[in-house]
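To start, the structure itself, in structure tokens.
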Amino acid sequence: MPAWAETPAGLTIAVRVTPRGGRDALTPGTAEHFAARLAAAPVEGAANAALLALVARVFGVAKREVTLIGGQTARLKRIAIAGDAALLARIAAGLYAAAP
């Protein structure tokens with residue numbers, strides 16, 4: 001499965017999370033997932049909350065538009081982003097295009 005896929009409601013992305021990874025950053029990972037470094041520890045949902053806030057900021061949507069749909073306790077997570085699918089897909093592709 002690719003790192004992102006358009007859906008009727010917006011976009012779904014796969015993210016591999018590294019908690020306690022310094023500053024928050026969402027970067028290209030592999031063809032199958034993005035990579036997210038989070039300063040938050042994986043305690044009581046803090047890392048998941050930080051991930052959702054990071055994704056909302058990067059994709060330019062409200063936090064309420066970002067939902068964790070899989071991998072609540074795993075490093076590999078699936079996230080749904082509500083909005084214009086084509087615009088969100090362009091943002092995702094731009095993240096990969098900007099990679100060195």
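The values are calculated or read from the model by the stated rules, or taken from the named source; none is laboratory data. As the structure is a prediction and not an experimental result, all values here were calculated from the model. All Cβ positions, glycine included, derive from the backbone under ideal geometry; neighbour counts span all protein chains shown. Accessible surface areas use protein heavy atoms only, side chains included; no ligands, DNA or RNA. Shrake-Rupley method; radii C 1.70, N 1.55, O 1.52, S 1.80 Å.
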- Message: Criterion first (assigned to a strand (DSSP E or B), basic (Lys, Arg) and open to solvent by 30 Å² or more (accessible area, probe 1.4 Å)) does Arg64 satisfy it?
- Response: no
- Matching residues, segment 1-40, being part of a loop (DSSP other than H, G, I, E, B) and hydrophobic (A, V, I, L, M, F, W, C): Met1, Ala3, Ala9, Ala31, Leu38, Ala39, Ala40
- Message: So Ala9 ticks every box in (1) over 11 Å from the mean Cα position of the chain (by Cα); (2) small (Gly, Ala, Ser); (3) at pLDDT 95 or above; (4) surrounded by 14 or more Cβ atoms within 10 Å (Cβ to Cβ) but one. Which box is left unticked?
- Response: (4)
- Message: Looking at segment 29-53, I want the residues that are more than 20 Å from Tyr96 (Cβ to Cβ) and have a partner that is of a type in the set (D, E, K, R) and open to solvent by less than 30 Å² (accessible area, probe 1.4 Å) with Cβ atoms under 9 Å, at least 6 apart or on another chain. Which pairs are those?
- Response: Asn48/Lys77
- Among the candidates Ile79, Ile69, single out the residue that is modelled with pLDDT of 95 or more, crowded, with 19+ Cβ neighbours inside 10 Å and either among the basic types (Lys, Arg) or at negative phi (or both). Ile79
- Answer residue from segment 57-82, given it is without any contact (Cβ under 8 Å) to a residue 12 or more places away in the chain and touching a strand residue (DSSP E or B) at 6+ places or on another chain (Cβ under 6 Å) and is nearest to Pro8 (Cα to Cα) among those: Gly70
